[in-house]
Amino acid sequence: MNRIRKYGTGLLMTVLMLFTVSSCDLTKLDINKDPNNPAQASLDLLLTNVELNASATFADGLNNATMGFMAITDSFDTFSMTNSSFNGTWNYLYSNPLKDLDGMIKATAQQRADGAANPYYEGIAKVLKAYYFSLMVDLWGSVPYTEAFAGDAAEQNLAPAFEDGASIYPKLITLLDEAVAHFAEPSPVSVKGDVIYGGSATKWTAAANSLKLRLLLQTRKVNTAEVTTAIQSMVTNKVPLITTADGDFQFTFGNLNNPDDRHPMYQDGYAGGEAAYNYFGHQLMYEMLVPLVPGGTVPGDPRTPFYFKRQTDIALNPDDNTDKQTMPCSQRTDCVYGYFVYSNKVTQGVYGKAPSALTTAETKYLAGYFGRDRSDPSGVPNDNPIRTTVGLYPAAGLYDDKAEPAGGNQGRGDGIFPMVTTWMVKLYQIEAALTLGVTGIAPRTLFEQAMREQFAKVSSFTSKDPDAVPISDASRDAYIAKWMDKYDAASDKLSVVLKQAWFMNFGNGFEMYNAFRRTSSAGGVSGYPNDIQAPMQKARQFPLRIPYAQDEINLNPGTPNVVYDLPADAIFWDKNPYQFPN
């Protein structure tokens with residue numbers, strides 16, 4: 001889960017074997033004498049390396065953990081973590097992609113000082129730094145920032161100071177403003193090596209503004225008046241934002257298995273001999289399976305066969321001791337969802353009927369939706385070949401047209417890590433309107449548009465699997481109409497919007513983990529979505545941050561002494577730290 005992967009094309013790997021950032025003076029890019037033996041990596045190669053390795057790292061263990069916190073998977077769903085849990089991740093981020101990014105920024109700053117500005121590379125580097133460090137702050141709180149990469153400098157600062165997130169966030173917003181200004185400058189060269197936007201200054205500008213909106217919204221409980229004014233200004237002045245799918249700030253992985261540059265979720269679900277992905281949460285699957293029409297047999301959410309891949313249609317027998325040991329929740333009496341085939345605890349099961357009334361086809365279908373109730377403390381049997389695994393979206397696994405084993409490198413793996421998308425931006429605007437009173441925003445209209453955009457993104461993945469069937473207009477429209485009815489009927493409309501966001505942001509756990517903490521209310525009452533299944537058993541309180549790396553604690557005496565589930569140690573913008581009820 002927390003292993004470190006290094007991705008890259010053959011060319012990139014070759015270059016990086018020859019040249020390392022730590023041994024290069026990146027501020028002197030005019031000293032290459034021998035084109036066959038350069039003294040440092042070029043900006044285009046550094047940029048590719050940063051985008052690839054940072055995306056692979058954030059989309060892997062950290063992403064899976066935050067999805068686990070929000071009951072999408074069972075990763076860390078007992079909420080027990082140690083200082084070793086993300087030790088390798090922390091070390092790798094600071095020693096590889098973030099260090100390379102710092103090298104890019106220093107190089108472009110030196111070029112500008114020398115009168116040879118390279119504004120597009122400079123702007124891209126600043127947007128990436130703002131995004132990556134915002135995630136670092138959202139996860140760890142205080143992190144090394146200004147002094148983070150001084151270890152190779154003359155002063156040999158091997159214990160960089162930790163800066164509080166409250167002081168880092170304004171610096172990230174400044175970086176984004178500077179980036180927008182850079183993209184407005186004429187550039188003497190076109191950008192190469194940008195695998196996100198292909199060097200488009202227009203798209204990077206919209207991404208910078210959209211990320212700024214995200215950071216402002218994140219701090220709406222800290223500086224409410226200031227944030228309201230800033231967001232209102234962006235809306236009033238029609239600042240360019242991400243508004244279409246082709247402008248989505250996302251990373252698309254490759255489909256190579258040597259070196260392996262495929263989506264981390266795909267690697268877990270398919271690259272081995274049998275699926276080794278975490279369990280998916282039962283509530284998520286259950287709610288997507290329930291038909292829109294009572295008594296219907298088609299999943300209510302048309303995204304279901306894109307999100308989840310069944311590996312079996314054989315129902316386990318509860319009267320067989322061996323099968324019973326493998327069945328989800330067979331050792332518990334307090335499960336809410338349990339084993340779908342036999343569970344009648346939630347409105348008489350998925351189809352609204354008792355298990356004994358299921359048809360053969362219904363039994364075979366439900367048998368493959370095999371996950372875990374939230375924080376089920378039962379042991380983990382050898383059920384890898386039958387648990388529900390990663391589907392077609394977002395990891396580019398397999399579409400669920402039939403139950404079949406998912407191991408053995410099936411599928412392509414060239415999925416996406418959706419960082420800031422057109423539908424996320426609309427959700428940000430809706431929240432700003434509903435909580436801050438920002439005008440010029442039509443929340444209901446944006447909510448429907450956001451759902452349609454995300455459905456279109458999911459359905460577009462049919463191009464990655466010849467067996468995939470596009471989402472039909474009729475099924476999409478019926479589903480969206482149901483949610484618009486919920487929105488219209490709700491007194492608390494943000495609760496409806498962010499519950500749907502729980503489904504829409506599948507594949508990006510950071511969005512919902514942040515939204516949940518950001519929307520918690522006074523007294524630590526649940527944020528949104530506020531109807532996630534209560535943990536069956538919890539070893540700790542809800543994680544309000546993640547633990548610092550053990551290596552950092554050992555080597556840097558300035559590492560903060562904090563407890564990750566203690567309200568007093570919550571992230572600076574988390575003003576009402578959530579606590580599980582007793």
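Taken together, the values in this text are just the output of simple stated rules run on the coordinates, not laboratory data. Computed from a predicted structure; not experimentally measured. Cβ coordinates were reconstructed from backbone atoms using ideal geometry, including for glycine residues, and neighbour counts include every protein chain displayed.
Using only alpha carbon pairs under 8 Å that are at least six residues apart, calculate the relative contact order of segment 301-388 and give it in whole percent.
Numbers: 106 pairs, mean separation 33.4, N = 88.
Relative CO of segment 301-388 lands at 38 percent.
If I compute semi-axes √(5λ) of the Cα gyration tensor in Å from the structure I just sent, which labelled value in (1) 33, 30, 22; (2) 42, 31, 21; (3) 40, 26, 24 lines up?
(3)
Between Gln537 and Asn317, what is the label-point separation in nm under the 7 Å Cα-to-beta-carbon projection?
In this crude spin-label approximation the distance works out to 2.9 nm.
Just the Cα atoms of segment 431-582, one point each, no solvent: what log10 I(q)/I(0) does Debye give at q = 0.12, 0.15, 0.16 Å⁻¹?
-0.69, -0.94, -1.01
Suppose the chain between Lys482 and Val525 were pulled fully straight at 0.36 nm per residue; how much longer would it get relative to their current alpha carbon spacing?
On the way: separation 43, 0.36 × 43 = 15.48 nm, distance 2.75 nm.
Full-extension gain reported as 12.7 nm.
Neighbour counts of other C-beta atoms within 10 Å: give me Phe455, Phe370 arranged from fewest to most.
Working: Phe455 23, Phe370 27.
Ranked by crowding around the Cβ, least crowded first: Phe455, Phe370.
Restricting to DSSP loop positions (anything but H, G, I, E, B) with no more than 12 other Cβ atoms inside 10 Å of their own Cβ, which trypsin sites (Lys or Arg not before Pro) remain in segment 178-281?
Numbers: sites: Lys192, Lys203, Lys212, Arg214, Arg220, Lys221, Lys238, Arg262; in loops: Lys192, Arg220, Lys221, Lys238, Arg262.
The qualifying sites are Lys238.
For the residue pair Asn255 and Arg444, what label-to-label distance in nm results when each label sits 7 Å from Cα along the Cα-to-beta-carbon direction?
According to this spin-label approximation, the distance is 4.4 nm.
For an R0 of 56 angstrom, estimate the FRET efficiency from the Cβ-Cβ distance between Glu226 and Lys353 and round to the nearest 0.05. Display every interim value, and only then the final one.
Details: r = 54 Å, r/R0 = 0.97.
The calculated FRET efficiency here is 0.55.
How many angstrom lie between the Cα centre of segment 531-547 and the Cα centre of segment 62-86?
9 Å
So how do 446-453, 384-391, 342-349 stack up, highest first, on mean other-Cβ count within 10 Å?
Details: 446-453: 19.4, 384-391: 25.0, 342-349: 17.1.
Put in order of decreasing packing, that is 384-391, 446-453, 342-349.
Give me the dipole magnitude in Debye, nearest 20, for segment 425-537 about the Cα centre, with unit charges on the beta carbon: positive for Lys and Arg, negative for Asp and Glu.
Charge dipole of segment 425-537: 240 debye, to the nearest 20.
Taking the number of other C-beta atoms within 10 Å as the exposure measure, put Val469, Val341 in order starting with the fewest. Show your work: numbers first, answer last.
Numbers: Val469 13, Val341 22.
With the fewest neighbours first, Val469, Val341 line up as Val469, Val341.
Rounded to the nearest 500, what is the chain's calculated 222 nm mean residue ellipticity when only DSSP H runs of at least 4 contribute -39500 (n - 2.57) each, over all residues?
Numbers: 20 runs with 239 residues, N = 582.
Counting only the DSSP helices, I get -12500 deg cm²/dmol.
What's the extension gain from Thr243 to Ala474 if we count 0.36 nm per residue and subtract their Cα-Cα distance?
Numbers: separation 231, 0.36 × 231 = 83.16 nm, distance 2.42 nm.
Between Thr243 and Ala474, full extension yields 80.7 nm more.
Positive end of the charge dipole of segment 255-379 (Lys, Arg +1 and Asp, Glu -1 on Cβ, about the Cα centre): tell me which of Pro328, Pro291, Thr360 has its Cα farthest that way.
Farthest towards the positive pole: Pro291.
Treating only the Cβ of Lys, Arg, Asp and Glu as charged (+1, +1, -1, -1), what charge dipole size does the chain show about its Cα centre? Round to the nearest 20 debye.
Working: 48 positive and 61 negative charges, 185 e Å.
Dipole of the chain, to the nearest 20 debye: 880 debye.
Using packing as a proxy for protection, rank 572-580, 116-124, 517-525, 298-306 so that the peptide with the highest average count of other Cβ atoms within 10 Å comes first.
Values: 572-580: 19.1, 116-124: 23.2, 517-525: 16.9, 298-306: 20.8.
Ranked by mean Cβ neighbours within 10 Å, highest first: 116-124, 298-306, 572-580, 517-525.
What is the sum of charges around Lys575, taking Lys and Arg as +1, Asp and Glu as -1, for the other residues whose C-beta is under 11 Å from the C-beta of Lys575?
Net local charge, Lys575 excluded: +3.
Among Ile441, Ala522, Phe461, whose Cα sits farthest toward the positive end of the charge dipole of segment 414-538 (+1 at Cβ of Lys/Arg, -1 at Cβ of Asp/Glu, about the Cα centre)?
Ala522
Beyond 24 Å between alpha-carbons counts as too far, so tell me which of Lys203/Lys457; Lys499/Lys575; Lys364/Lys464; Lys106/Lys575; Lys129/Lys493; Lys106/Lys238 fall in that bin.
Values: Lys203/Lys457 18 Å; Lys499/Lys575 21 Å; Lys364/Lys464 26 Å; Lys106/Lys575 35 Å; Lys129/Lys493 34 Å; Lys106/Lys238 32 Å.
Over 24 Å apart, Cα to Cα: Lys364/Lys464; Lys106/Lys575; Lys129/Lys493; Lys106/Lys238.
Take the Cα of Ser463, step 7 Å along the line toward its Cβ, and report every residue of segment 239-267 whose backbone nitrogen sits under 19 Å from that point.
Residues passing the 19 Å test: 243-256, 262-263.
Would you list Ser460, Ser190, Ser356, Ser495 from fewest to most Cβ contacts within 10 Å? Spell out each step's value before the answer.
Working: Ser460 13, Ser190 10, Ser356 7, Ser495 19.
So the residues, fewest neighbours to most, are Ser356, Ser190, Ser460, Ser495.
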